[in-house]
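These notes are about the structure you will find just below.
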Amino acid sequence: MGALLMTVSAPASAPAATLPFTDRGPLSHAVMSQLTGDDAAAADHTGLATAAVAASADVVRDDDIQLALFVLYASSYGSLPQLDADLEWDPALLTTRRILEEAFESALRARVPLPESPEPTVDAVGRALFALAAADTGPSLSRHIAKKATREQAEETLIQRSVYTLREADPHSWAIPRLEGRAKAALVEIQSDEYGGGRPQRVHAELFARAMRAAGLDATYGAYVDDVPAITLASHNMMSMFGLNRRLVGAIVGHLAAFEMTSSIPCRLYADGLHRLGFDPDVAAYFEEHVEADAVHEQIAARDLAGSLAEDHPELLPDILFGAAACLTVDGWGGEHILESWQAGTSSLRPRVAS
């Protein structure tokens, strides 16, 4: 009996996945190409990262650098299914990410003003963080939305917030396995509320997605990345950098403390403005959810989380303060960009490039 011969054709290469946004330069193009399987367009992203950092006048506001970092972090979040999951721990991509992180962190540490360090006790750290938040007297985007904003400006604000808020709480959750005792319990208490307390329909990211849809906007993650400036990406990238690097656990804790301590009153103002402008009630509902919740969270975050972490690990106190100050500073830069654009009679969003 003759042998049965069977010919098996080699599988065709899978087509590169298409992301819902475009690159902003050679570095982001190379990173996006590799992570989406576009081998023909892949380039030496590590060399490009080194060159981009050396050439950049301001890495915090550098479109190419911040988009490349955003995509590299998105690979770990799983927020963009177009990115090849097998490449999350690719050594070359991690090297590129590290080059960009080092430059980004150095820029933040050089420019973020730090408060005087308190004693590493729950009470002293809590008081210091509340004082830091109270001293933040930058221009208020939420007050503008409440009193003066147009409907188009309110929609822009939702678009700007979508980069983080459609993934709300995720950057801070990286800290959970890196904490212990009182600090871990406090963080889990906060995050449980952020994730709906076991009710999927109350997950805060889902509430924001519902708000976007009710406002007539696209709630697909990444749909508006092309529209937001580098400073908006930088705010989210800062959280991701703090959360994904174990050595920066103090910074992500401080960031969350400042974030929660400056949320309740602004959320009330956002809700007031959205009602004033006649938006669907589901749009304001997201912000109304945060008015009471964040008033509770701020005490837990400042004292039970940040204060107890500093008390148990005094060596982390400098980074706790840095994370809190960086939150206020970078978000302040983002708010300034938006308000200055509107005062100049222009959009805060990037102009769409015709394809």
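So the values come out like this:
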{"read-out": "Charge context of Leu328, other residues only, Cβ under 14 angstrom, K/R +1, D/E -1", "value": "-4"}
{"read-out": "Helix 63-77 vs. the chain, principal-axis angle (Cα, 0 to 90°, nearest 10)", "value": "80 degrees"}
{"read-out": "The range 246-355, relative contact order in percent, only Cα pairs under 8 angstrom and at least six apart counted", "value": "39 percent"}
{"read-out": "Solvent-accessible surface ranking, highest first, for Thr36, Thr262 at 1.4 angstrom", "value": "Thr262, Thr36"}
{"read-out": "Computed [θ] at 222 nm, deg cm²/dmol, the chain (DSSP H ≥ 4; -39,500 (n - 2.57); rounded to nearest 500)", "value": "-19000 deg cm²/dmol"}
{"read-out": "GNM result for the chain, Cα springs below 10 Å: residue of Gln66, Gln82, Gln160 fluctuating most strongly", "value": "Gln82"}
{"read-out": "Hull-based mean projected area of the range 25-107, where the convex hull spans the alpha carbons, in square nanometres", "value": "4.8 nm²"}
{"read-out": "Overall form of the range 198-329 per C-alpha gyration tensor (a/c, 1.5; a/b vs b/c)", "value": "prolate"}
{"read-out": "The range 259-343 shape via C-alpha gyration tensor axes, a/c threshold 1.5", "value": "oblate"}
{"read-out": "Percent RCO, i.e. relative contact order, over the range 124-220, from Cα pairs under 8 Å lying at least 6 residues apart", "value": "21 percent"}
{"read-out": "For Ala219, net neighbour charge (Lys/Arg +1, Asp/Glu -1) across residues whose Cβ lies under 10 Å away", "value": "0"}
{"read-out": "Relative contact order (%) - the chain, alpha-carbon pairs under 8 angstrom, separation at least six", "value": "22 percent"}
{"read-out": "Heavy atoms of Arg151 accessible to a 1.4 Å probe, total area in Å² rounded to 10", "value": "90 Å²"}
{"read-out": "Mean accessible surface per residue for the chain, computed with a 1.4 Å probe while every protein chain stays in place, in Å²", "value": "44 Å²"}
{"read-out": "For Lys148, solvent-accessible area (1.4 Å; no DNA, RNA or ligand), Å²", "value": "150 Å²"}
{"read-out": "In degrees, nearest ten, helix 264-276 long axis to first principal axis of the chain (Cα)", "value": "80 degrees"}
{"read-out": "Helix 151-165 vs. the chain, principal-axis angle (Cα, 0 to 90°, nearest 10)", "value": "70 degrees"}
{"read-out": "Fraction of accessible area attributable to carbon and sulfur, the chain (%, probe 1.4 Å)", "value": "55 percent"}
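The values are calculated or read from the model by the stated rules, or taken from the named source; none is laboratory data. Everything numeric here is computed off the predicted structure, so don't read it as measured data. Neighbour counts are summed over all protein chains in view; Cβ atoms, including those assigned to glycine, are modelled from backbone coordinates with ideal geometry. We work out accessible area using only protein heavy atoms, side chains counted, and drop any ligands, DNA or RNA first. Shrake-Rupley method; radii C 1.70, N 1.55, O 1.52, S 1.80 Å.
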